[in-house]
Amino acid sequence: MDFGHLGDLDRRGVFWVTRAKDNMAYEVLKKMPQSKDDKILRDEIIQLSDPDKAAPEVMRRIVATVEIDGQEREMTFLTNNLDWSPRTVADLYRCRWEIEVFFKQIKQTLQLADFLGHNANAVRWQVWMALLVYVLLRYLSYLSRWAHSFTRLFTILRAVLWEKFDLLKLLGSYGTAGGTFRNLARPEQAYFPGFL
């Protein structure tokens, strides 16, 4: 955790929310009133124990139980905003995490790690194109009632990208079977019979 960066953001008036490390040394300056929300376990105003660290003078430490993959887990959040409700802080971090997961999925699925051009304009165009492809594929999976993974859909379309075919018919023959369950493809479907 870069407390110097967080201190710089604080001095510039930028509000932030982040996760706290387990081994962070701090002193509790004030305990905030107990929240009515039973998911909020602690809400404290703290200061780092090491005065030499370039960090914000005071921070807010919130311990909350958060649902992750269907299970309740205890998480500790830090923020420099002393006015937000503790639930707002936890929700902001959850939203931030969903954005990070979304970008990770785009980078992995659409292979957005290697750029063809390296100036700002080239990178911007490639990111916008990746976002457009992502939205179009999500829409296509909705139209075809695709019951398999998003990665599988992307792999199939990449394999037949330069061929002319009825896309919904291709996806229908690839194992969606019009159901909501996941089918395993049959061996003869691996080569797209009748399409290539």
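The values are calculated or read from the model by the stated rules, or taken from the named source; none is laboratory data. Just so it is clear, the model here is predicted, and its values are computed rather than measured. Note that each Cβ is placed from the backbone with ideal geometry, even for glycine, and that neighbours are counted across all protein chains shown. Just so you know, the surface numbers come from the protein's heavy atoms only, side chains and all, with ligands and any DNA or RNA stripped out. Shrake-Rupley method; radii C 1.70, N 1.55, O 1.52, S 1.80 Å.
Quick notes on this structure:
- Accessible surface area normalised per residue over the chain is 68 Å², counting heavy atoms of protein chains with a 1.4 Å rolling probe.
- Of all aspartates and glutamates in the structure, not one lies under 18 Å Cα to Cα from LYS164 without also being fewer than 8 positions from it along the same chain.
- One chain, two ends: LYS107 and ALA120. Fully extended at 0.36 nm per residue, the span grows by 2.9 nm beyond their Cα-Cα distance.
- Surface composition of the chain: carbon and sulfur make up 56 percent of the accessible area, probe 1.4 Å.
- Dimensionless Rg ratio for region 27-90, taking C-alpha atoms and the 2.2 N^0.38 Å reference: 1.18
- Only lysine pairs 8 or more places apart, or on different chains, with alpha-carbon atoms under 22 angstrom apart are counted in region 1-115, and they number 7.
- Low-density loop positions, chymotrypsin sites (Phe, Trp or Tyr not before Pro), region 110-139 - DSSP coil, at most 14 other Cβ in 10 Å: PHE115
- One quarter of the surface of the convex hull around the alpha-carbon atoms of region 1-150 equals 12.7 nm², the direction-averaged projected area.
- Within a Gaussian network of the chain (alpha carbon springs, distance under 10 Å), most fluctuating of LYS31, LYS164, LYS21: LYS164
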